[in-house]
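These notes concern the structure reproduced below.
The values are calculated or read from the model by the stated rules, or taken from the named source; none is laboratory data. From a predicted model like this one, the values you see are computed outputs, not experimental measurements. Every residue, glycine among them, receives a Cβ derived from its backbone with ideal geometry; neighbour counts consider all protein chains shown. These area figures cover heavy atoms from the full protein model, side chains too; ligands, DNA and RNA do not enter into them. Shrake-Rupley method; radii C 1.70, N 1.55, O 1.52, S 1.80 Å.
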Amino acid sequence: VLDTWFSSALWPFSTLGWPEQTEDLKRFYPTDVLVTGYDIIYFWVARMIFTALEFTDQKPFKDVLMHGLVRDENGSKMSKSKGNGVDPLEVIEKYGADAMRFMISTSSTPGQDLRFRWERVEQARNFANKIWNASRFALMNLEGVTASDIDISGKLGTADRWILHRLNETSRDVTRLIDSYEFGETGRLLTNFIWDDLCDWYIEFAKLNLYGSDPEAKRATQSVLAYVLDRTQRLIHPFMPFISEEIWQHLPHEGETITLAAWPTYDSALEAPGAVREMELLMEIIRSVRNIRAEVNVPMSKKVELLIKPSGEAEAGILSRNEEFVSRFCGTSLLEISLSQEAPDKAMTAVITGAELYLPLAGLIDIDQEIVRLEKEIQNLTGEVERVEKKLGNEGFVAKAPAKVIDEERAKMADYADKREKVKARLAELRG
């Protein structure tokens, strides 16, 4: 009793030199937060509080974050007698300390228990590998670039401005979530930004400038890539301290360690809603074309013709400015963008927000199969229209929801209805 509970109750201040008034005690006591399992609130946390009040006249900490227990995969509490425990050193040996830390810290909801599964650690390891491989690619294209060379204030392309906007949003949201101890949601945000936005999209777009013949565009993209990776390592550092430090040390940087680097903060100057709209259109086009290719088993190595009918002048302008991106990532032998574009016979089609896409794939598609696909798409769009109509027809929802939310739902319904009409028109053409 004396060793376990009494000494533990003294922990917040005894470790800092109490009863002497040391510099550590003045600086670090009381502390901000205690992180603990819910099962020892009475045994330990309560004792820490009333012992601290007795001997220091102060609460030892401001917040108590209660996390769940790590149980085995069947939900049973780990114990030596059952032999169902998992040795952290074994996990680290197989997958690394960062993977274990990230899995444990971002997989559970505060207060809820976590079932340990090796697949989750493997997923975290794969995420760490993704970060490592993306950084290796970047470093190969940043040779000779120093911290003083990084300049993101110059002329930037659409993808450059978009990734800076997304980094800015992610920095703001991650900070807010960490401050409120929502680590699971923080992990989801970081994974989505790093895996999807940075690795799957921006790095692919960046290759055009990095391997291109325009030295000014190459320098701008190198600056953005170095800047974004630097800030990304800082954001992931609390969860993956080892890989982030290693990568950061090889990036152009100032300072001795990432641990002392400034935390990324929101900067309104990096807002780029126009670039976001452009990238959303480009990404939707690329996704749609790749989905069509997959449906008819046309590999990316085979060039295809792509005809695009923009919804208006604004969309036409976006596509003309980014024609090289569309051609490269859709794998086209011919790309035509025209407001007066007519749907050709025997073509695969996709209707997206902002454009209609036609892929003349004569000899590669089954017209009957395309009719079935369009009929299914009409059913899906009709379901979406009816779902939103039902929502807007709910008097309780309309009365309580903010005007902005109602307007967004109406805009969704109009968009779904517009897409449905265009798909119906295309279906009629194929049947005719």
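Just one of the numbered conditions (1) touching a residue at least 40 places away in the same chain (Cβ under 8 Å); (2) over 29 Å from the mean Cα position of the chain (by Cα); (3) open to solvent by 40 Å² or more (accessible area, probe 1.4 Å) is not true of residue 67: (2). Within region 1-32, the set of residues being acidic (Asp, Glu), more than 18 Å from residue 53 (Cβ to Cβ) and open to solvent by less than 100 Å² (accessible area, probe 1.4 Å) comprises 24 only.
Filter region 170-186 for residues that are open to solvent by 10 Å² or more (accessible area, probe 1.4 Å), in contact (Cβ under 8 Å) with a residue 60 or more places away in the chain and part of a helix (DSSP H, G or I) and give the result. First the steps, then the outcome.
Going through region 170-186, the residues open to solvent by 10 Å² or more (accessible area, probe 1.4 Å) turn out to be 172-173, 175-176, 178-185.
Still in the running and in contact (Cβ under 8 Å) with a residue 60 or more places away in the chain: 172, 175, 178, 181-184.
172, 175, 178, 183, 184, listed by residue number.
Being in a loop (DSSP other than H, G, I, E, B) and either open to solvent by 90 Å² or more (accessible area, probe 1.4 Å) or within 27 Å of residue 415 (Cβ to Cβ) (or both) holds for only one residue in 297, 291, and it is 297. Every test in (1) open to solvent by 50 Å² or more (accessible area, probe 1.4 Å); (2) modelled with pLDDT of 95 or more is passed by residue 237 save one, and that test is (1). For region 398-416, a tally of residues being more than 30 Å from the chain's Cα centre (by Cα) and modelled with pLDDT of 90 or more returns 0. Figure legend. Inter-residue proximity from region 145-160: first residues more than 30 Å from residue 318 (Cα to Cα), second residues in a loop (DSSP other than H, G, I, E, B) and of a type in the set (Asp, Glu), beta-carbon distance below 9 Å, spacing 6+ or different chains. Indicated pairs: 147/254; 148/254.
Just one residue in the set 309, 302 is open to solvent by 20 Å² or more (accessible area, probe 1.4 Å), under 19 Å from residue 419 (Cβ atoms), in contact (Cβ under 8 Å) with a residue 12 or more places away in the chain and not in a helix (DSSP H, G or I); that residue is 309. Scanning region 395-412 for residues that are touching a residue at least 12 places away in the same chain (Cβ under 8 Å) and open to solvent by 50 Å² or more (accessible area, probe 1.4 Å) turns up 410, 412.
For region 254-270, does any single residue satisfy the condition of being open to solvent by less than 10 Å² (accessible area, probe 1.4 Å) and closer than 19 Å to residue 102 by Cα? Checked region 254-270: at least one residue is open to solvent by less than 10 Å² (accessible area, probe 1.4 Å) and closer than 19 Å to residue 102 by Cα. When residue 315 is tested against (1) surrounded by 20 or more Cβ atoms within 10 Å (Cβ to Cβ); (2) touching a residue at least 60 places away in the same chain (Cβ under 8 Å); (3) under 25 Å from residue 418 (Cβ atoms); (4) not β-branched (Val, Ile, Thr), just one condition goes unmet, and that condition is (2). Reported count of residues in region 356-388, each being at positive phi and among the aliphatic types (A, V, I, L, M), is 0. Scanning region 271-311 for residues that are out of contact with any helix residue (DSSP H, G or I) (no Cβ under 7 Å at 6 or more places or on another chain) and small (Gly, Ala, Ser) gives 274, 288, 294, 301, 311.
Here is the figure for region 78-98: residues that are within 29 Å of residue 233 (Cβ to Cβ) and either in contact (Cβ under 8 Å) with a residue 40 or more places away in the chain or basic (Lys, Arg) (or both) total 4. Of 188, 172, all but one fail to be within 19 Å of residue 270 (Cβ to Cβ) and out of contact with any strand residue (DSSP E or B) (no Cβ under 7 Å at 6 or more places or on another chain); the exception is 172.
For the structure I just gave you, tell me whether residue 184 is at pLDDT below 95 and farther than 23 Å from residue 263 by Cα. No, not satisfied.
For region 1-46, filtered to residues that are assigned to a helix (DSSP H, G or I), charged (D, E, K, R) and closer than 26 Å to residue 179 by Cα, the residue that is nearest to the chain's Cα centre (by Cα) is 39. Screening 208, 189, 167 for residues that are part of a helix (DSSP H, G or I) and without any contact (Cβ under 8 Å) to a residue 24 or more places away in the chain leaves exactly one candidate, 189. Can you report the number of residues in region 273-288 which are open to solvent by 10 Å² or more (accessible area, probe 1.4 Å) and among the small types (Gly, Ala, Ser)? Qualifying residue count, region 273-288: 2. Scan region 33-48 for residues that are open to solvent by 60 Å² or more (accessible area, probe 1.4 Å) and β-branched (Val, Ile, Thr) and jot them down. Scanning region 33-48 gives a single hit, 35. Within region 104-120, being free of Cβ contacts under 8 Å to residues at least 60 places away in the same chain and either of a type in the set (Gly, Ala, Ser) or in contact with a Gly (Cβ under 9 Å, 6 or more places away or on another chain) (or both) holds for 112, 113, 114, 115.
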